[in-house]
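I am attaching a structure below and will ask some questions about it afterwards.
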Amino acid sequence: MYAGLKACCCLQVAFNPLDNTQLCVVGNGLFKLFRYSEESLKQFGFQKHDQQNYLCQAWMLEDRMIVGTETGRLLLLESGELKTEFNLTKSDCVEERFMKFACFVVVGIFSFSG
């Protein structure tokens, strides 16, 4: 699927819609949070992570975001720190009869406010 991506290939850059001094960059082996301060970008938050494909992300609340991976994991971060992780396994997602059609790659996350 996305295994052909080169290391550190950027797939998405997104600014926090409630704080335009914060941005997130995701890609193959790439997950970085930056804050614009003193006329430069400074990395903050979630520093230790598995070497994997981070495919998408969405800012949720003021300081919360969710990140999706090629392995079907959803990471919930708050203030740049990992709070919880959801692993979308076959028992969590779909019934056995649909397994042959199921794909556990998280390819998109959309934020919504009503």
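Since every read-out is calculated from the coordinates, none of them should be taken as a lab result. Source: prediction; values computed, not measured. Cβ placement follows ideal geometry from the backbone for every residue including glycine, while neighbour counts extend to all protein chains displayed.
If we count other beta carbons within 10 Å of each Cβ, what is the order of T84, T69, T21, fewest first?
On the way: T84 9, T69 24, T21 12.
Final ranking by Cβ density, sparse to dense: T84, T21, T69.
Could you please rank F46, F15, placing first whichever residue has the fewest other Cβ atoms within 10 Å of its Cβ?
On the way: F46 18, F15 14.
Going from least to most buried by this count: F15, F46.
Which of the trypsin sites (Lys or Arg not before Pro) found in the stretch 9-92 are loop residues per DSSP with 10 or fewer other Cβ atoms within 10 Å of their Cβ? Please report the intermediate quantities before stating the final value.
On the way: sites: K32, R35, K42, K48, R64, R73, K83, K90; in loops: K48.
Here the trypsin sites (Lys or Arg not before Pro) that fit, given the DSSP loop and packing criteria, are K48.
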